[in-house]
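Colleague: Just passing along the structure, written as structure tokens.
The values are calculated or read from the model by the stated rules, or taken from the named source; none is laboratory data. Quick caveat, the model's predicted, so the values are computed rather than measured. Neighbour counts run over all protein chains shown; Cβ positions are idealised from the backbone, glycine included.
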Amino acid sequence: MGKYQTFQYDVVVVGAGGAGLRAAIEASAQGAKTALVCKSLLGKAHTVMAEGGVAAALSNVDSRDDWKVHFRDTMKGGKFLNQWRMAQIHAQEAPSRVRELEEWGAVFDRTKDGRILQRNFGGHTYPRLAHVGDRTGLEIIRTLQDKGVHQGIDVHMECTIRKILKDGDRVAGCFGYQRESGRFVVFQSKAVVLATGGIGRCWEITSNSWEYTADGHAMAMWAGADLIDMEFIQFHPTGMVWPPSVKGTLITEGVRGEGGVLLNKDRKRFMFDNVPEMFRGEFAETEEEANRWVAAVVANKLPDARRPPELLTRDVVARAIRREVREGRGSPHGGVFLDIASRRSPSEIKKKLPSMYHQFKELADVDITKDPMEVGPTCHYMMGGVRVNPETQESTVPGLFAAGEVGGGMHGSNRLGGNSLSDLLVFGKRAGEFAAKCALQTSSFGSCDDDQIEVAARECLEPFDESHGENPYAVHEQLRTLMQHYVGIVRSQDDLKHALVEIEQLRQRAAKVKVGGNIQFNPGWHLAMDLSNMLDISEAVTKAALERTESRGGHTREDFPDSESEWGKMNLIVRQEGRDINVSRRPLEPMPAELQQLFNK
Amino acid sequence: MDEQVTLMIYRGDNVQGEMKEYKIPVAPGMVVLDAVHAVQATQAPDLAVRWNCKAGKCGSCGAEVNGRPRLLCMDRMDKYPAGEPIAVKPLKTFPVIKDLATNVSWNYDVNKKIPAFKMRDTKGEEPRFSQEEADRVQEFRKCIECFLCQNVCHVLREHDEKNTFGGPRFFVRTAGLEMHPLDDENRLDLLKDQMGLGYCNITKCCTEVCPESIAITDNAIIPLKERLVDQYYDPLRKLYRILFPAKKT
């Protein structure tokens, strides 16, 4: 161990987005010596890209809202595969977490009477998303960052963690490298919190940044932890489709929350024909009714109409858009139209959706106050992740915690918009709290033995082997294309089996990638290392998707198009055993009667 | 636009380096960051460049394109004259780590000096303030920390006064706290004694380059300067302070 730079902490938090920052703040507040380790500069994490808002039943705009309605919406959105206890804790604690942000200096948009304003979003019965225009994530990350820097947390920026180190069954620390110098580093710790985000870089069209290379998912699996719900990927219905440069870049659901409508090339609002059985009766049936709802919302009144079908859950809207395009009713560049220009005034659009206005004007030469946007689905969010104890966020490996997108179970088969920012606050706090407790109750550090570290270091340096010859960028590109076409929005047994064969071939090639230059700030080398995470997690997703022979939420099977009640009682667990990645079934925990009755209305 | 474009990219570190030429094919709507990525994927895998959101929201990819500070992800290639090479250099004000990545850690050190938000006592009531009050500070809170303003500020760029001057980014941040309707902290001493607000002679270079269009000079720096003048140089106040010393205004 002496060969490498070594640090000792009670708690190491990996990832400095909302979940990681919130976890580190809490761990530190509990008295644990805490490190926050992140791949980018502090404040640049994926959370800054969250736009629409944070869901919390504050009931500032509609007094009928409460945690029970939020809980019910979340479970329905997840098609009842969610770990009910996580969904319950989330709905109950989100309001406190949002108010706490205000006490730490966050400035949310205001209601007329000066309270935190809330907006409508898909799948939420009432206006529930506290927001700051369309840059809510930036506000949250900056608030947490500014809180965190005064709290005595050590921040290790531009440092990538590659491996969880174990002493017997429990966590002993983690191993990684400094991106700038390329030097290896060992963090010895009593607890590790994974807050590494998602896996979107395995797909070609994605709203996710370079950081989303499945690091935490893979490290947890390699360390022996269970993953859950890995077949469920959220394709956000509205990504940009043109020009190619911005394909996949996110367009906030807030556009539809503010009254935006989806149109096909015949200018038809096709979402009226796409209301699933489960939501029948809850959405407007005519354009007139939908318009009445928007008019009431704009006028700050309680609507006497049902909401527009554009605000159905993301899985439903993404599939509907895909169908319009497949059946020849798409826009010129293979999407559909999202129109806000004919619904709201230019000044309202610029006020409520400023970064959308800017993004389209600068990058697509479209003025969204005058013309419709072209949109299509983009890989956005990983519902699946590390299986955790709902109360503590501890994984099945003692001392290893997970929060935010890398955690699994909260969202079931489909996440509602706005529930991600609240998820990372609620469970980030809990992960930090319980990781600190775990660390403070542990008397001594586990041993990070040299063999584990040497193996990890050797693996990292393999791409400098002179006998290699593959380009890491090319292998990555092929993986992305493969996952896009064979493990995308709609899947089939043949496609998934094909994908497994191809993943194995790509793995052979990934073992032979070669990078030039030296270890200092070398993105080619960094990507070469990341291929192993992405390949293993792509395999995990594909195997889980093959196993689930039904369609539900973010998992649609062409060959099994319906939801099956038996599958509705079952989560899939992915675990690495030896070198094999295996899938098993796990029955859902029964929901207590008092929660069950919320669905009997 | 031509099918091929020539990029001249700085390769090297703080000690030595050179502008290297790369040719890549162009696609419609391409931004400079796409072009740099294309070079990375096909010709120079170890080319260092920071990026994250690719939509102007995270402020990671600041650099100087043909001498102008820009976010690479928002800088359209078709704005530049066809057939002419495009030069991409790292931000000048900060030491180069490698290629286009610079060491901006000084900014994080300055940030730490600024006292945190301190909630005023709302006597147990839910805090309330109007959207108009929110608007004023939300403008400052839009900042994505790209540090382009720091890069062009002559106090930092030409005079390298990093020990005595905070720079526009942190005047914006301080303004966002000082004008926050719920804040109860006083940062005027800090602005005067440690952040050198007086060095700013309002040339508005920072405002010009801000990708978020924050009116840095007019809305943040000038009002803060006025507050300093009121606090420290108003003769009546000075007398009052001598007669009634108080810990804050």
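Colleague: With the condition kept exactly as written, say whether any residue in the stretch A:381-392 is more than 14 Å from every other protein chain (Cβ to nearest Cβ), charged (D, E, K, R), touching an Asp or Glu at 6+ places or on another chain (Cβ under 9 Å) and farther than 30 Å from residue A:93 by Cβ.
Modeller: Initial filter on the stretch A:381-392 (more than 14 Å from every other protein chain (Cβ to nearest Cβ)): A:381-392.
Right, trim to charged (D, E, K, R) and you get A:387, A:391.
Now narrow it down to the ones that are touching an Asp or Glu at 6+ places or on another chain (Cβ under 9 Å): A:387.
Applying the additional criterion that residues be farther than 30 Å from residue A:93 by Cβ yields none.
Within the stretch A:381-392 (the criterion being more than 14 Å from every other protein chain (Cβ to nearest Cβ), charged (D, E, K, R), touching an Asp or Glu at 6+ places or on another chain (Cβ under 9 Å) and farther than 30 Å from residue A:93 by Cβ), the answer is no, since none of the residues qualifies.
Colleague: Then there is this: How many residues are within 14 Å of residue B:76 (Cα to Cα) and either in a helix (DSSP H, G or I) or hydrophobic (A, V, I, L, M, F, W, C) (or both) when one looks only at the stretch B:1-35? Step through it out loud before you land on a result.
Modeller: Residues of the stretch B:1-35 that are within 14 Å of residue B:76 (Cα to Cα), as a first pass: B:1, B:5, B:7, B:26-35.
Filter once more, keeping what is either in a helix (DSSP H, G or I) or hydrophobic (A, V, I, L, M, F, W, C) (or both): B:1, B:5, B:7, B:26-27, B:30-35.
Qualifying residue count for the region: 11.
Colleague: Check A:177, A:126 and return the single one that is in a strand (DSSP E or B) and either over 18 Å from residue A:11 (Cβ atoms) or touching a Leu at 6+ places or on another chain (Cβ under 8 Å) (or both).
Modeller: Numbers: A:126 fails: in a strand (DSSP E or B).
Only one candidate passes the filter, namely A:177.
Colleague: What number of residues within the stretch A:335-370 are closer than 16 Å to residue A:238 by Cα and among the acidic types (Asp, Glu)?
Modeller: 1
Colleague: Still on this structure, please answer the following. Taking the criterion of being of a type in the set (A, V, I, L, M) and within 14 Å of chain B (Cβ to nearest Cβ), would at least one residue in the stretch A:530-545 satisfy it?
Modeller: So the first thing to find is which residues in the stretch A:530-545 are of a type in the set (A, V, I, L, M), and the list is A:531, A:534-535, A:537, A:540-541, A:544-545.
Keeping just the survivors that are within 14 Å of chain B (Cβ to nearest Cβ) gives A:531.
Yes; the residues of the stretch A:530-545 include at least one that is of a type in the set (A, V, I, L, M) and within 14 Å of chain B (Cβ to nearest Cβ).
Colleague: Here are A:111, A:125, A:160, A:143: which of them is touching a strand residue (DSSP E or B) at 6+ places or on another chain (Cβ under 6 Å) and polar (S, T, N, Q)?
Modeller: Working: A:111 fails: touching a strand residue (DSSP E or B) at 6+ places or on another chain (Cβ under 6 Å); A:125 fails: touching a strand residue (DSSP E or B) at 6+ places or on another chain (Cβ under 6 Å); A:143 fails: touching a strand residue (DSSP E or B) at 6+ places or on another chain (Cβ under 6 Å).
Unique residue meeting the criteria: A:160.
Colleague: Looking at A:296, A:305, can you tell me which residue is among the hydrophobic types (A, V, I, L, M, F, W, C) and in a loop (DSSP other than H, G, I, E, B)? Step through it out loud before you land on a result.
Modeller: Details: A:296 fails: in a loop (DSSP other than H, G, I, E, B).
Every option except A:305 fails the conditions.
Colleague: Is it true that residue B:140 is in contact (Cβ under 8 Å) with a residue 24 or more places away in the chain, part of a helix (DSSP H, G or I) and within 14 Å of another protein chain (Cβ to nearest Cβ)?
Modeller: On the way: in contact (Cβ under 8 Å) with a residue 24 or more places away in the chain: yes; part of a helix (DSSP H, G or I): yes; within 14 Å of another protein chain (Cβ to nearest Cβ): yes.
Here the answer is yes, as residue B:140 does meet what is asked.
Colleague: Restricting attention to the stretch A:552-601, which residues are among the charged types (D, E, K, R) and part of a loop (DSSP other than H, G, I, E, B)?
Modeller: Taking the stretch A:552-601 and keeping what is among the charged types (D, E, K, R), we get A:552, A:557-559, A:562, A:564, A:566, A:569, A:575, A:577, A:579-580, A:585-586, A:589, A:594, A:601.
If the condition is that a residue be among the charged types (D, E, K, R) and part of a loop (DSSP other than H, G, I, E, B), then A:558, A:559, A:562, A:564, A:566, A:579, A:589, A:601 are the ones that fit.
Colleague: Could you tell me how many of the residues in the stretch A:478-518 are assigned to a loop (DSSP other than H, G, I, E, B), in contact (Cβ under 8 Å) with a residue 24 or more places away in the chain and under 30 Å from residue B:98 (Cβ atoms)?
Modeller: Kept after step one, since they are assigned to a loop (DSSP other than H, G, I, E, B), are these residues of the stretch A:478-518: A:487-489, A:492, A:511-512, A:514-518.
Add one more test, that the residue is in contact (Cβ under 8 Å) with a residue 24 or more places away in the chain, and what stays is A:487-489, A:492, A:511-512, A:514-515, A:518.
This time we only want the ones that are under 30 Å from residue B:98 (Cβ atoms), so: A:511-512, A:514-515, A:518.
Looking only at that region, the number is 5.
Colleague: Could you grab me the full set of residues in the stretch B:11-38 that are within 23 Å of residue A:518 (Cβ to Cβ), more than 11 Å from every other protein chain (Cβ to nearest Cβ) and surrounded by fewer than 20 Cβ atoms within 10 Å (Cβ to Cβ)? Spell out the reasoning first.
Modeller: If we filter the stretch B:11-38 for residues that are within 23 Å of residue A:518 (Cβ to Cβ), which is where we start, we get B:11-22, B:36-38.
Checking the rest, the ones that are also more than 11 Å from every other protein chain (Cβ to nearest Cβ) come to B:12, B:14-22.
Result: B:12, B:14, B:15, B:16, B:17, B:18, B:19, B:20, B:21.
Colleague: Output the helices (runs of 4 or more DSSP H) that fall wholly within the stretch A:14-119 and possess 3 or more residues being within 30 Å of residue B:177 (Cβ to Cβ) and more than 11 Å from chain B (Cβ to nearest Cβ), or say none. Working first, answer last.
Modeller: Values: elements: A:18-29, A:67-77, A:84-103.
Filter on the stretch A:14-119 gives A:18-29, A:84-103.
Colleague: Let me ask something additional. Could you list all residues from the stretch A:482-533 that are among the polar types (S, T, N, Q) and surrounded by fewer than 22 Cβ atoms within 10 Å (Cβ to Cβ)? Before you say what the answer is, go through the steps one by one.
Modeller: Step one: list which residues in the stretch A:482-533 are among the polar types (S, T, N, Q), which gives A:484, A:492-493, A:505, A:508, A:518, A:520, A:522, A:532-533.
Scanning the stretch A:482-533 gives A:484, A:492, A:493, A:505, A:508, A:518, A:520, A:532.
Colleague: From the list A:122, A:173, A:148, A:137, which residue is more than 30 Å from residue A:530 (Cβ to Cβ) and not hydrophobic (A, V, I, L, M, F, W, C)? Write out each step before concluding.
Modeller: Working: A:173 fails: more than 30 Å from residue A:530 (Cβ to Cβ); A:148 fails: more than 30 Å from residue A:530 (Cβ to Cβ); A:137 fails: more than 30 Å from residue A:530 (Cβ to Cβ).
Matching residue, one of A:122, A:173, A:148, A:137: A:122.
Colleague: Continuing with this model, one more query. So for the stretch A:328-335 (the condition being touching a Gly at 6+ places or on another chain (Cβ under 7 Å) and closer than 30 Å to residue A:491 by Cα), does at least one residue qualify? Working first, answer last.
Modeller: Narrowing the stretch A:328-335 to residues touching a Gly at 6+ places or on another chain (Cβ under 7 Å): A:334-335.
Okay, now just the ones that are also closer than 30 Å to residue A:491 by Cα, so A:334-335.
For the stretch A:328-335, residues touching a Gly at 6+ places or on another chain (Cβ under 7 Å) and closer than 30 Å to residue A:491 by Cα: present.
Colleague: Please verify whether the stretch B:186-206 includes one or more residues that are closer than 30 Å to residue B:123 by Cβ, among the charged types (D, E, K, R) and at pLDDT 95 or above. Spell out the reasoning first.
Modeller: Let us first name the residues in the stretch B:186-206 that are closer than 30 Å to residue B:123 by Cβ, namely B:186-191.
Within this subset, residues satisfying the condition of being among the charged types (D, E, K, R) are B:187, B:189.
So of that shortlist, the ones also at pLDDT 95 or above come out as B:187.
The answer is yes; a qualifying residue exists.
Colleague: I would also like to ask the following. Any chance you could count how many residues in the stretch A:153-192 are at positive phi and either among the hydrophobic types (A, V, I, L, M, F, W, C) or within 11 Å of chain B (Cβ to nearest Cβ) (or both)?
Modeller: Kept after step one, since they are at positive phi, are these residues of the stretch A:153-192: A:158, A:168, A:173, A:182.
Next cut, either among the hydrophobic types (A, V, I, L, M, F, W, C) or within 11 Å of chain B (Cβ to nearest Cβ) (or both) only: A:158, A:182.
Looking only at that region, the number is 2.
Colleague: If the requirement is being within 30 Å of residue A:189 (Cα to Cα) and within 14 Å of chain B (Cβ to nearest Cβ), which of these qualifies: A:472, A:463?
Modeller: Going through A:472, A:463 in turn, just one is within 30 Å of residue A:189 (Cα to Cα) and within 14 Å of chain B (Cβ to nearest Cβ): A:463.
Conditions tested, residue by residue: (1) more than 14 Å from chain A (Cβ to nearest Cβ); (2) under 20 Å from residue B:104 (Cα atoms).
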site: B:155; (1), (2): yes, yes
site: B:167; (1), (2): yes, yes
site: B:176; (1), (2): no, no
site: B:183; (1), (2): no, no
site: B:193; (1), (2): yes, no
site: B:200; (1), (2): yes, no
site: B:206; (1), (2): yes, yes
site: B:240; (1), (2): yes, no
site: B:245; (1), (2): yes, no
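Colleague: Considering each of A:331, A:347 in turn, give the residue that is part of a loop (DSSP other than H, G, I, E, B) and hydroxyl-bearing (Ser, Thr, Tyr). Outline the logic, then answer.
Modeller: Values: A:347 fails: part of a loop (DSSP other than H, G, I, E, B).
Only one candidate qualifies: A:331.
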